[in-house]
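The values are calculated or read from the model by the stated rules, or taken from the named source; none is laboratory data. Keep in mind it's a predicted model, so treat the numbers as computed, not measured. Here Cβ is always computed from backbone atoms with ideal geometry, including for glycine, and neighbour counts include all displayed protein chains.
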Amino acid sequence: MTGAKEPFDLQVGYDQDELLGGRWWQQGLAGTYATGIPTVTSRIGPTRIDESRRSALKMLLGLGGFVVVAGLVTTRCSSSGSHTTTIDQASLDLQRSRGLATGAENVAFEWPHAVDTAADGTPLSALELHRLAAELRPSRNLEEPDYGPTLFQCLQETGGAAFSRQLRLVCSPQMRAAYGRGEAIRELLELAEERRAWALVVDLPGPDSVAFAAGLQPRAVAVFQFHNWPHPRGVVPAHLTLAAAAYYRHRFGLAPDAEQRAVCYVLDRDRLAPYANQPDRFDNRYVVRLPTAASLQNRGIRRVLYVVPEGQPADALDDVAERLAEYAAAGIGVRMLGLGDLTLAPADKVPGTASSSYTGSRYYWHGGPGHHYWFWHHHDWPSRQAPVTPTRPPTSSFGADWSPTRARPRQDLAQVGRTAEPRTTSSGSSSSGGSWGRSSGGFGG
Amino acid sequence: MADVFFGLQLAVQSPPGDPWRLRLQSVVRAHVRDLPLADQRGLWGSIANLLLQALDRSALGFWDFVPNGRSEYDDWVQGIEDDSAEPWRPDGTGARMDHVLVSAMFLLPEHEASAELVGAACDLPESDWRRRETFRRLVETLPQLDFASVRGSAAYVTPGGERLAFSLRELQGEGYDYLLRIE
């Protein structure tokens, strides 16, 4: 027995229609079970099983639905009786087991545009950070299943304490602009004929998405979908998204009209940032799953606005394109909003009654209050009467010709957010070599 | 040395395609392998977080704490696993099929940290056994276990297929009549 052997042996695992799961046994505490070192093949099944269990296993293997080997063995080499195998696994699993900053424990996170206090002027306490996942939970039970709080939960997990000591609040000029643009859409939502028939899918860089959603408050229930952890060398700068959420956290607790709010799915566009297996980067990317068309329709949602940054092609990202096309096929109106169409109006064109965090100037659709309310005519969506007479904007709107189409299936999406880890096997025993990210000087791809 | 059995089951309303269920399946699937202590804790921490999120959607549940409970542990895990040998048959009555059963089973050496922790959490008057707050407290206990003093653990999601589900009617009927209505 080697000391490096995993303490909990998988006795049996199931991945089939009838059952998913596993049963583990800690050999170090067991007095009656065999302690032989299993090879990869002998891991299929318990080290000692009774006959009825064995027959069940045979049936399982016949069904081909059995998952035991940890990840995909991609390479293997051998020298002097030891083997190095490369185990491909989910990056998040690796972080959970080795710590949030695994392989880069001495690398500091960078905090551009750091500020000392949150949007409401208060500093951030450690206690509040730990409550972030609960605090930012959707305020309606209806949206709870769609909530993806993985990012907010990292603070309570392995390596989270060290990270929380580094965490700074951030507020960049881009976030402030996104907040103001969110406010502009919030003002339009005030006039929506039926606000709860609306869903917004905000697909901007993480901090900007959070800021935009904050600007929408309290007219839209924010449903965050952040399914990764930060990493000092992460492809996705998720630490900044977390910092932005902490900065605006107080904005999301406002719900005076819980029955008449739209829903807003808050995504991080960098979740699918380009990555080419660079050894100095950690692949903390991920894909999101928006609710099905039937799920939206059950909630009475009939219109979806897909919000994208300026300067980008009028396309949906690959992991949401299929779903948006499904919405359209089901009769849900799906339109695109480019942030570039929400522009700042000079102070002399801003009505005195408007409320905004901006003094003197504010954002409107196509730059002025008259064009702003043309938004409803442009999309042919019903609204209540606008406070000013709408006028057609002189320029065309971004994404006006866009309609959702099913994306060509991308097989590489299945490889998003995975990391290869070298492991050393010696004399038939399999163990983690502990060399990941160190001996190789980087991260496997 | 005698071992303590601690088991918890929750029937969660989670229809096929529910993102919560996909996350649960993803977590369990990713851990079906030999696990170091930290990964055992990670597994149960993730399951606990998900169960806490779904507790308001859980109408039925069960928990048990049995000193000298090795045979209970064996009975439970064997029962659940043996059930899976039968091909899944969906409820044919037309009832809405939108529930999954999540099972957590542990075998804990008595007088050690985990058994003591669970024993304290389960020391409740009978009037509290069915309370939602009790289930919440027990779920919160899972990641607090000292896994160095856990002899055996088992995590199951039934059914395992993403497109399958129990109806609530089935979970209230024969074979599942031990499930308590959560109050």
* Output for segment B:66-85, where each listed residue is among the β-branched types (Val, Ile, Thr) and either in contact with a Phe, Trp or Tyr (Cβ under 7 Å, 6 or more places away or on another chain) or surrounded by fewer than 17 Cβ atoms within 10 Å (Cβ to Cβ) (or both) -> B:66, B:80
* Structure fact -> Note on segment A:199-218: residues in contact with a strand residue (DSSP E or B) (Cβ under 6 Å, 6 or more places away or on another chain) and not aliphatic (A, V, I, L, M) are A:203, A:206, A:209, A:212
* To do: Would you check if there is a residue in segment B:131-145 being in a loop (DSSP other than H, G, I, E, B) and over 22 Å from residue A:27 (Cα atoms)?
  => yes
* Which condition breaks for residue A:137 when tested against (1) within 14 Å of chain B (Cβ to nearest Cβ); (2) farther than 30 Å from residue A:293 by Cβ; (3) modelled with pLDDT of 85 or more? -> (2)
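This table checks each residue for (1) hydrophobic (A, V, I, L, M, F, W, C); (2) within 10 Å of another protein chain (Cβ to nearest Cβ); (3) within 16 Å of the chain's Cα centre (by Cα); (4) in a loop (DSSP other than H, G, I, E, B).
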| position | (1), (2), (3), (4) |
| --- | --- |
| B:33 | no, yes, no, yes |
| B:40 | no, yes, yes, no |
| B:49 | no, yes, yes, no |
| B:55 | yes, no, yes, no |
| B:61 | no, no, yes, no |
| B:65 | yes, no, yes, no |
| B:74 | no, yes, yes, no |
* To do: Kindly indicate whether residue B:134 is more than 12 Å from chain A (Cβ to nearest Cβ), crowded, with 18+ Cβ neighbours inside 10 Å and of a type in the set (S, T, N, Q).
  => yes
* Quick check, is residue B:29 among the basic types (Lys, Arg), within 24 Å of residue A:12 (Cβ to Cβ), in contact with a strand residue (DSSP E or B) (Cβ under 8 Å, 6 or more places away or on another chain) and part of a loop (DSSP other than H, G, I, E, B)? -> no
* Hey, which of the helices (runs of 4 or more DSSP H) in segment A:317-395, taking only ones fully inside, have at least 1 residues that are modelled with pLDDT of 90 or more and farther than 29 Å from residue A:299 by Cβ? -> A:369-372
* Failed condition for residue B:142, given (1) touching a strand residue (DSSP E or B) at 6+ places or on another chain (Cβ under 7 Å); (2) over 30 Å from residue B:18 (Cα atoms), with all others met? -> (2)
* To do: Quickly run through segment B:76-121 and pick out the residues that are assigned to a loop (DSSP other than H, G, I, E, B) and of a type outside the set (Asp, Glu).
  => B:84, B:85, B:87, B:88, B:89, B:90, B:92, B:93, B:94, B:95, B:96, B:111
* **residue B:44 within 13 Å of another protein chain (Cβ to nearest Cβ) and in a loop (DSSP other than H, G, I, E, B)** => no
* Asked: Only one of B:88, B:44, B:63 is surrounded by 22 or more Cβ atoms within 10 Å (Cβ to Cβ) and in contact (Cβ under 8 Å) with a residue 60 or more places away in the chain; which?
  -> B:44
